[in-house]
Amino acid sequence: MNLSTYVVPLITGVASGLILYLSAAGMNLMISGLGVINFGQGAFFVLGAGVCLIVGKATGSLLQGMAAGTLVTFFLGGLLELSLRPVVGKKMELTLMITMGIAYILDDIFEIVWGSSVQTLAIPVWLRGLVTVGSFQIPKYYLFIIGAALLIGLAFWIVFEKTRLGMRFRAIISNRDMVEALGVNVHLSYMMMFMIGIALSGFAGALNLPISGFTATGAMGAFGAIVPILVIGGLGNIQGTLPSAVFIGVLSAVAALFLPKLYNLVPTVVMVLVIMIKPQGLFTRKER
Amino acid sequence: MILKLHDVNAYYGSSHILFDMDLEVEEGDSVCILGRNGVGKSTTLKSIMGLLNPKNHASVTGSIMFQGQELVKKPTYKISRAGVGYVPQGRQIFPTLSTKENLLLAAKAGPDGSRFWDLDKIYELFPSLKNRESVKGARLSGGEQQMLAIARGLMQNPKLLLLDEITEGLAPIVVDELVEVVERLRSYNVSILVAEQNVRFAMSVSRHCYIIEKGSVVYYGETAKIPPEIIEQYLGA
Amino acid sequence: MKKLNLTATVLTVAAVGLCLVLGVFCGINTTLLMSRIVIMALFALSLNIQTGYAGLGNLGHALYFGLGSYGVLIFVSKFGQPLYLAIPATILILTLVSAAVGFLMLQSDDKMSFLFLSFGVCLLVYTAFAKWAWVGNKTGLTFNVRPQALNDPRNCFMLILLVTAVCAALMYLLTKTPFTAALKGSRENETRMVFLGVNIKRLRLVAYVISSFFGVIAGVLYAIMNNGAYITSIDTSMALEAMMMCLIGGGATFLGPVLGAVIVTLVRNFLPTVTNLDSVIFGVMVILCCYFLPDGITAPNGRPAALVRRVAGRLRKSGSDSEKVR
């Protein structure tokens, strides 16, 4: 096997890793900011894909579909935060039940509105085909995914580190009560955190649509896919999400070459190993 | 009178900490709350700030009037907006925010709309903070963090500043700096309520003094005129 | 307080009696449904040892339930072992496994991590089994494991009821021990327990293992009832439903999870026959429960309990009423 057999899987691995990164980053934002594990994150991933499908088919434009998918999930994130407000601060199981309850509701809605067969949206003409990089042929769409995901990731980082909003996020993540003691209305920030966190997942789902298609029952699978990333990167550790996701993506892709039937299990096996060796995650740094 | 506590009882779960507490602060005055470890000094300030609430399994009864508003049962952020600034025990600087960001986060107009305390004014009063403007909170020294915590409290343009055990863990030379800082605050007519274990510090920055024992006030008077026997009795080592 | 216990005892006996009647005399469909309800009750009770008493939310308990079923099926159909060997072997092996798994998952001391990991591990096994031909992929395993005598669903039901009652009694006795008191203490005030010299990790691990033990038994019963093991038993939504049973019923009382099991099983059983939107309704039900009954229906401080107390108070003779402080 020469190098070129690895290149394409590597690229696809990085691409799928980055898609999951977006969803996982959204999760980590909600976990670190509000202590909420959103078990419906997979459902919003599917919803983003679903809306993208409908709008994409109607307008003939994938990009418009993606924008629609992101926007719809963005606003639903606000609704989700509102629905969680009565129980934030009470026992953690309640927020988890509510997010799962919402996932249940969405599951049924997916089946009713979209039907149970797998549907997909065609890759737009300008993104089809291969790009020649050096001596390798790489599918254009995967490069698009990598580019789009990194762009959004960059935007997220800029907001987080360089804007007032991000400043409030960082403060809330480290000390919620003190932020309140400073007179800041934290509820607005919470809502923004949720909207962004959910929208990231919706966007990821839309991005993923031309590759994997839309499956009405895919919510749990989409959630399960980010669990290893979250554990290996550190639950709630936003900085660790990207390296963890890329790591998992590449690992899975390489594993697929050697274990075509079992490569799905590799991330979870690695996750178990990480729990054994370094339970707080491989990519965490001790702050303070 | 800018602050008046009347018959205040505070509970952490079923632990009764403050018993029928009465306390007053005149506008522009600086008042200290003295007492041994665990008598309820911090709890008093936290009660004023609304930090004893159902979420923390704590509760407060009685009346805390601040400029005509009842603070008991008000959420913390509303108390802050009403004009009470809190410099918490342990400083609680945001570690992932820079000095400047810590200040900007707190920046707001006072209840009367005044924006007297802004970044420039703060840097005037705390020149060392300007030098450390872009340093992340986690990397500041204890003394710097304390200055930042006080500065952050001021950025809210409060009418009343609560200082909770600010000398804790600081070297004597830093404590002396703090005395200067608080003195200058008084010259700006900021009302100050200080909870302190460090008797020397508290007495050098306050004009009036409450001494607490077992959650109740046992002595009140002008700081300069406290009889040494009283100090010995309630604060003696 | 003694009077309240009497009420509870009477109610329990009545409930068991009702169970018996429904399970044996009301037609085969009811028998099957009752069998399922009783197994779910055992399943929920086992989970509550972790969730209610130790305060450890667990979204992967279905793992032991499902593996309990699969274990029996595998021993009997793949290894040709008789049932009376397969059962203890399954229980023993899975309990040991739970000790190892629990040990790993409790390393981080963080409840949220534990919750998350329990989910992850369950999902892992589910995914693995779904693609594993030896265990029947998504179809599962079917084999005649039952002895002749249990082929009558009513006999099977009575066995299930008996085993569950015995297990429930054992678990009830467990709640009277200092162990449970320590568990509850660790839930309420961890720091204090640590200062009292209690090893919280070990405490939780023991709770986890005991909980898994009974969960496996529930799975074993399920295998006997169905002559099969199905992948839906390891599904994370089964785990979620178990959590919901504990939460809806109320983790604070012993029988809370049983009530939750009854409700959830009935709803999941009958709703799909009535509407296509059964998941929506179930989801809404769960959410409403979280808002209005956050401690479950049987919560001592909740509205339903207060209502029961009022009614019970009125039913009692007036003589003793005047002594009550209400």
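The values are calculated or read from the model by the stated rules, or taken from the named source; none is laboratory data. A quick note: this is a predicted structure, and the numbers were derived from the prediction, not measured. Heads up, the Cβs are rebuilt from the backbone with ideal geometry, glycines too, and the neighbour counts pull from every protein chain shown.
Might you check whether a residue that is surrounded by 13 or more Cβ atoms within 10 Å (Cβ to Cβ), in a helix (DSSP H, G or I) and basic (Lys, Arg) occurs anywhere in segment C:21-44? Looking through segment C:21-44, at least one residue is surrounded by 13 or more Cβ atoms within 10 Å (Cβ to Cβ), in a helix (DSSP H, G or I) and basic (Lys, Arg).
Considering only residues that are out of contact with any Asp or Glu (no Cβ under 7 Å at 6 or more places or on another chain) and among the small types (Gly, Ala, Ser), look in segment C:264-312 and name the one that is nearest to the other protein chains (Cβ to nearest Cβ). Per the criteria, the residue is C:GLY283. Which ones in segment C:159-186 are buried (at least 19 other Cβ atoms within 10 Å of the Cβ) and either of a type in the set (Lys, Arg) or more than 19 Å from C:PRO257 (Cβ to Cβ) (or both)? If the condition is that a residue be buried (at least 19 other Cβ atoms within 10 Å of the Cβ) and either of a type in the set (Lys, Arg) or more than 19 Å from C:PRO257 (Cβ to Cβ) (or both), then C:ALA182, C:SER186 are the ones that fit.
If the condition is being more than 9 Å from chain C (Cβ to nearest Cβ), part of a helix (DSSP H, G or I) and either surrounded by 15 or more Cβ atoms within 10 Å (Cβ to Cβ) or in contact with a helix residue (DSSP H, G or I) (Cβ under 7 Å, 6 or more places away or on another chain) (or both), then segment A:85-117 contributes A:THR99, A:PHE110, A:TRP114.
Residue by residue, here is whether (1) surrounded by 20 or more Cβ atoms within 10 Å (Cβ to Cβ); (2) over 20 Å from A:VAL179 (Cβ atoms) holds:
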position	(1), (2)
B:PHE126	yes, yes
B:LYS136	no, no
B:GLN145	yes, no
B:LEU163	yes, no
B:THR167	yes, yes
B:GLU180	no, yes
B:ARG184	no, yes
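Residues in segment C:53-96 that are in a helix (DSSP H, G or I) and without any contact (Cβ under 8 Å) to a residue 40 or more places away in the chain were compared, and the one that is nearest to the other protein chains (Cβ to nearest Cβ) is C:LEU96. Output yes when any residue across segment B:51-65 is within 9 Å of another protein chain (Cβ to nearest Cβ), of a type outside the set (Lys, Arg), under 16 Å from the mean Cα position of the chain (by Cα) and not in a strand (DSSP E or B), and no when none is. Yes; the residues of segment B:51-65 include at least one that is within 9 Å of another protein chain (Cβ to nearest Cβ), of a type outside the set (Lys, Arg), under 16 Å from the mean Cα position of the chain (by Cα) and not in a strand (DSSP E or B). Among the conditions (1) in contact with a helix residue (DSSP H, G or I) (Cβ under 8 Å, 6 or more places away or on another chain); (2) farther than 25 Å from C:GLY140 by Cα; (3) at pLDDT below 85, C:VAL274 misses just one, which is (1). Looking only at residues of segment B:82-99 that are facing another protein chain (nearest Cβ under 10 Å) and farther than 21 Å from B:THR44 by Cβ, we find that the one that is surrounded by the most Cβ atoms within 10 Å (Cβ to Cβ) is B:PHE94. For segment B:105-150, the candidate set comprises residues that are touching a strand residue (DSSP E or B) at 6+ places or on another chain (Cβ under 9 Å) and part of a helix (DSSP H, G or I); within that set, the residue that is nearest to the other protein chains (Cβ to nearest Cβ) is B:ALA106.
Within segment A:173-186, being within 9 Å of chain B (Cβ to nearest Cβ) and within 14 Å of B:THR76 (Cβ to Cβ) holds for A:ASN175, A:ASP177, A:MET178, A:VAL179, A:GLU180, A:ALA181, A:LEU182, A:GLY183, A:VAL184, A:ASN185, A:VAL186.
Quick one: is A:VAL231 surrounded by fewer than 24 Cβ atoms within 10 Å (Cβ to Cβ) and either of a type in the set (Val, Ile, Thr) or out of contact with any helix residue (DSSP H, G or I) (no Cβ under 6 Å at 6 or more places or on another chain) (or both)?
So A:VAL231 fails the test.
Just one of the listed residues (A:LEU151, A:LEU143, A:LEU82) is without any contact (Cβ under 8 Å) to a residue 60 or more places away in the chain, surrounded by fewer than 18 Cβ atoms within 10 Å (Cβ to Cβ) and in a helix (DSSP H, G or I), namely A:LEU151. Among the residues examined, C:SER118 does not qualify as in a helix (DSSP H, G or I), more than 14 Å from every other protein chain (Cβ to nearest Cβ) and buried (at least 19 other Cβ atoms within 10 Å of the Cβ).
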